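Heads up: the structure comes next, in structure tokens.
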Amino acid sequence: MVRRNQYLDALRGIAVAFVLFFHLFPSSLPGGYLGVDILFVLAGYLAVQSLDKRSDSVAGLISYPLARL
């Protein structure tokens, strides 16, 4: 079972809210692209965490990108 981090889920929700708010009211939030940057950072962090768990063997590292296709 995958453990979920509540703080990362909260940060993801805030980032999505920034993006939605920017698309609904673009003139009121000039830095609206910050939400997209936060989502990219979270995605990279979670991908590295997943790779770190599989780094026990070369087969685990090879199977990770294949499973994502």
Mind checking the full-extension length gain between Ala67 and Val16? Use 0.36 nm per residue of separation minus the Cα-Cα distance, one decimal, nm.
15.8 nm
Once both label points are put 7 Å beyond Cα along the C-beta direction, the Ser27-Leu46 separation in nm becomes 3.5
Between Leu34 and Asp9, what is the spin-label point distance in nm, taking each point 7 Å from the Cα along the Cα→C-beta axis?
2.4
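Laboratory data are not the source of any read-out in this text; all were calculated from the coordinates shown. The structure displayed is predicted, hence computed values, not measured ones. Counting neighbours? That spans all protein chains shown, and the Cβs are built from the backbone with ideal geometry, glycine included.
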